[in-house]
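The structure appears below as C-alpha coordinates.
The values are calculated or read from the model by the stated rules, or taken from the named source; none is laboratory data. Remember, predicted model here, so these are calculated numbers, not experimental data. Glycine also receives a Cβ, built like all others from the backbone with ideal geometry; neighbour counts cover every protein chain displayed. Heavy atoms of the whole protein, side chains included, go into the accessibility calculation; ligands, DNA and RNA do not. Shrake-Rupley method; radii C 1.70, N 1.55, O 1.52, S 1.80 Å.
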Amino acid sequence: PKAGEPCGACESCVSITEARSMDVIEIDGASNNSVDDVRELRESVRYAPSQPGKRKIYIVDEVHMLSLGAFNALLKTLEEPPPHVMFVLATTEPRKVPDTIRSRCQRYDFRRLLIAEIRSRLEHISKREKIAIDPEATFVLARRADGSLRDALSLLDRMGVRPESVGDS
(Lines give C-alpha, C1' and ligand atoms only; values in the text may rest on other atoms or scores of the structure.)
Protein backbone atom coordinates (compact mmCIF):
# COMPACT_ATOMS: atom_id res chain seq x y z
CA PRO A 1 0.00 0.00 0.00
CA LYS A 2 0.94 3.61 -0.56
CA ALA A 3 -0.37 5.84 2.23
CA GLY A 4 -2.83 3.10 3.15
CA GLU A 5 -4.20 2.76 -0.38
CA PRO A 6 -3.44 0.02 -2.92
CA CYS A 7 -0.91 1.02 -5.56
CA GLY A 8 -3.07 -0.35 -8.38
CA ALA A 9 0.00 -1.26 -10.42
CA CYS A 10 1.62 -4.33 -8.87
CA GLU A 11 0.62 -7.86 -9.89
CA SER A 12 -1.31 -8.35 -6.65
CA CYS A 13 -3.41 -5.19 -7.13
CA VAL A 14 -4.02 -5.92 -10.81
CA SER A 15 -5.06 -9.53 -10.21
CA ILE A 16 -7.49 -8.47 -7.46
CA THR A 17 -8.98 -5.72 -9.65
CA GLU A 18 -9.40 -8.19 -12.52
CA ALA A 19 -10.98 -10.77 -10.16
CA ARG A 20 -8.35 -13.40 -10.93
CA SER A 21 -6.45 -13.42 -7.65
CA MET A 22 -6.17 -16.85 -6.07
CA ASP A 23 -5.71 -15.18 -2.68
CA VAL A 24 -9.01 -13.28 -2.55
CA ILE A 25 -11.95 -15.65 -2.34
CA GLU A 26 -15.52 -14.34 -2.28
CA ILE A 27 -18.19 -16.64 -0.91
CA ASP A 28 -21.92 -16.01 -1.18
CA GLY A 29 -23.32 -16.80 2.25
CA ALA A 30 -26.85 -17.10 0.89
CA SER A 31 -26.03 -20.04 -1.37
CA ASN A 32 -23.13 -21.54 0.63
CA ASN A 33 -24.81 -21.59 4.03
CA SER A 34 -24.56 -25.19 5.20
CA VAL A 35 -22.24 -26.90 7.67
CA ASP A 36 -20.66 -28.80 4.76
CA ASP A 37 -19.91 -25.51 2.95
CA VAL A 38 -18.15 -24.17 6.06
CA ARG A 39 -16.24 -27.43 6.49
CA GLU A 40 -14.99 -27.06 2.92
CA LEU A 41 -13.96 -23.47 3.74
CA ARG A 42 -12.12 -24.66 6.85
CA GLU A 43 -10.19 -27.15 4.74
CA SER A 44 -9.20 -24.51 2.17
CA VAL A 45 -7.83 -22.04 4.76
CA ARG A 46 -5.00 -24.48 5.47
CA TYR A 47 -3.40 -23.72 2.11
CA ALA A 48 -0.83 -20.96 1.99
CA PRO A 49 -1.31 -17.92 -0.25
CA SER A 50 0.20 -17.96 -3.72
CA GLN A 51 2.88 -15.43 -2.71
CA PRO A 52 5.05 -16.01 0.37
CA GLY A 53 4.46 -13.47 3.12
CA LYS A 54 1.04 -12.51 1.79
CA ARG A 55 -2.43 -13.37 3.05
CA LYS A 56 -5.47 -15.16 1.78
CA ILE A 57 -8.62 -13.09 2.17
CA TYR A 58 -12.00 -14.80 2.46
CA ILE A 59 -14.95 -12.47 1.91
CA VAL A 60 -18.23 -14.00 3.06
CA ASP A 61 -21.00 -11.86 1.60
CA GLU A 62 -24.45 -12.05 3.19
CA VAL A 63 -22.92 -13.86 6.16
CA HIS A 64 -26.19 -13.45 8.08
CA MET A 65 -27.65 -16.14 5.77
CA LEU A 66 -25.44 -18.92 7.22
CA SER A 67 -27.31 -21.55 9.19
CA LEU A 68 -26.73 -21.77 12.94
CA GLY A 69 -24.81 -25.00 12.38
CA ALA A 70 -22.62 -23.29 9.78
CA PHE A 71 -21.89 -20.43 12.19
CA ASN A 72 -20.93 -22.98 14.86
CA ALA A 73 -18.65 -24.76 12.39
CA LEU A 74 -17.00 -21.43 11.50
CA LEU A 75 -16.47 -20.42 15.12
CA LYS A 76 -13.31 -22.46 15.74
CA THR A 77 -11.65 -21.07 12.60
CA LEU A 78 -12.53 -17.51 13.60
CA GLU A 79 -11.15 -18.07 17.10
CA GLU A 80 -7.83 -19.43 15.85
CA PRO A 81 -7.36 -18.48 12.21
CA PRO A 82 -4.15 -19.48 10.47
CA PRO A 83 -1.74 -16.52 10.48
CA HIS A 84 -1.99 -16.14 6.69
CA VAL A 85 -5.81 -15.89 6.62
CA MET A 86 -8.13 -12.94 7.05
CA PHE A 87 -11.92 -13.10 6.99
CA VAL A 88 -14.23 -10.29 5.94
CA LEU A 89 -17.81 -10.99 6.96
CA ALA A 90 -20.19 -8.68 5.12
CA THR A 91 -23.84 -8.22 6.03
CA THR A 92 -26.64 -5.71 5.92
CA GLU A 93 -28.21 -7.39 8.95
CA PRO A 94 -25.59 -7.65 11.72
CA ARG A 95 -28.21 -8.47 14.34
CA LYS A 96 -28.74 -11.83 12.59
CA VAL A 97 -25.10 -12.79 13.16
CA PRO A 98 -24.79 -14.73 16.44
CA ASP A 99 -23.12 -12.95 19.36
CA THR A 100 -20.45 -15.68 19.48
CA ILE A 101 -19.35 -14.67 15.98
CA ARG A 102 -19.73 -10.90 16.40
CA SER A 103 -17.67 -10.94 19.60
CA ARG A 104 -14.68 -12.29 17.66
CA CYS A 105 -14.78 -9.69 14.91
CA GLN A 106 -13.88 -6.07 14.40
CA ARG A 107 -16.96 -4.25 13.16
CA TYR A 108 -17.03 -1.49 10.58
CA ASP A 109 -20.36 0.11 9.82
CA PHE A 110 -20.66 1.79 6.45
CA ARG A 111 -23.05 4.57 5.60
CA ARG A 112 -24.49 6.12 2.50
CA LEU A 113 -22.38 8.95 1.14
CA LEU A 114 -23.62 12.52 1.16
CA ILE A 115 -24.51 14.17 -2.15
CA ALA A 116 -21.57 16.56 -1.72
CA GLU A 117 -19.15 13.64 -1.22
CA ILE A 118 -20.35 11.84 -4.34
CA ARG A 119 -20.35 15.04 -6.37
CA SER A 120 -16.78 15.81 -5.29
CA ARG A 121 -15.64 12.33 -6.30
CA LEU A 122 -17.40 12.56 -9.68
CA GLU A 123 -15.71 15.90 -10.31
CA HIS A 124 -12.34 14.45 -9.32
CA ILE A 125 -12.77 11.47 -11.64
CA SER A 126 -14.01 13.68 -14.48
CA LYS A 127 -10.98 15.94 -14.11
CA ARG A 128 -8.57 12.98 -13.96
CA GLU A 129 -10.16 11.35 -17.03
CA LYS A 130 -10.34 14.70 -18.88
CA ILE A 131 -14.13 14.56 -19.09
CA ALA A 132 -15.84 17.92 -19.37
CA ILE A 133 -19.11 17.73 -17.46
CA ASP A 134 -21.45 20.45 -16.27
CA PRO A 135 -21.41 20.88 -12.46
CA GLU A 136 -25.22 20.65 -12.45
CA ALA A 137 -24.93 17.20 -14.08
CA THR A 138 -22.68 15.97 -11.27
CA PHE A 139 -25.28 17.19 -8.77
CA VAL A 140 -28.08 15.34 -10.56
CA LEU A 141 -26.02 12.13 -10.76
CA ALA A 142 -25.04 12.37 -7.10
CA ARG A 143 -28.65 12.92 -6.04
CA ARG A 144 -29.97 10.03 -8.17
CA ALA A 145 -27.27 7.70 -6.81
CA ASP A 146 -28.93 7.84 -3.38
CA GLY A 147 -25.73 7.56 -1.36
CA SER A 148 -23.95 5.00 -3.57
CA LEU A 149 -20.76 6.02 -5.36
CA ARG A 150 -20.90 2.85 -7.44
CA ASP A 151 -24.38 3.80 -8.67
CA ALA A 152 -23.18 7.33 -9.46
CA LEU A 153 -20.31 5.94 -11.53
CA SER A 154 -22.69 3.59 -13.34
CA LEU A 155 -24.95 6.53 -14.17
CA LEU A 156 -21.94 8.46 -15.44
CA ASP A 157 -20.99 5.50 -17.65
CA ARG A 158 -24.56 5.16 -18.94
CA MET A 159 -24.49 8.80 -20.02
CA GLY A 160 -21.98 7.72 -22.65
CA VAL A 161 -19.51 10.27 -21.36
CA ARG A 162 -16.36 10.46 -23.42
CA PRO A 163 -13.26 12.49 -22.58
CA GLU A 164 -13.75 16.16 -23.48
CA SER A 165 -17.22 15.50 -24.93
CA VAL A 166 -19.72 16.59 -22.32
CA GLY A 167 -20.50 20.21 -21.98
CA ASP A 168 -23.93 21.19 -20.75
CA SER A 169 -25.62 17.79 -21.00
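A few points about this structure:
- Those lysines that a straight Cα-Cα span of less than 23 Å connects to Lys127, excepting residues fewer than 8 apart in one chain: Lys2
- The figure for His124 is an accessible area of roughly 90 square angstrom, using a 1.4 Å probe on the protein chains alone.
- Asp151 exposes around 70 Å² of accessible area when a 1.4 Å probe is run over every protein chain in place.
- DSSP-defined antiparallel bridges as percent of all bridges, the chain, nearest 5: 10 percent
- Under 29 Å of direct C-alpha separation, and excluding same-chain neighbours fewer than eight residues apart, Lys96 reaches these lysines: Lys56, Lys76.
- Here the spin labels are modelled as points 7 Å beyond Cα on the Cα-Cβ line, and at Ile125 and Asp146 they lie 1.8 nm apart.
- Along its three principal directions, the equivalent ellipsoid of segment 1-95 from the Cα gyration tensor extends over semi-axes of 25, 15, 12 Å, largest first.
- Scaling the Cα radius of gyration of segment 39-109 by the globular reference 2.2 N^0.38 Å produces a ratio of 1.11.
- Value of [θ]222 nm, deg cm²/dmol, for the chain, DSSP H segments ≥ 4, -39500 (n - 2.57) each, nearest 500: -11500 deg cm²/dmol
- Accessible surface of the chain [probe 1.4 Å, protein heavy atoms]: carbon and sulfur percent: 52 percent
- Hydrodynamic estimate: the Kirkwood radius of the chain over Cα pairs, inserted into Stokes-Einstein at 25 °C and 0.890 mPa s, corresponds to D of 130 µm²/s.
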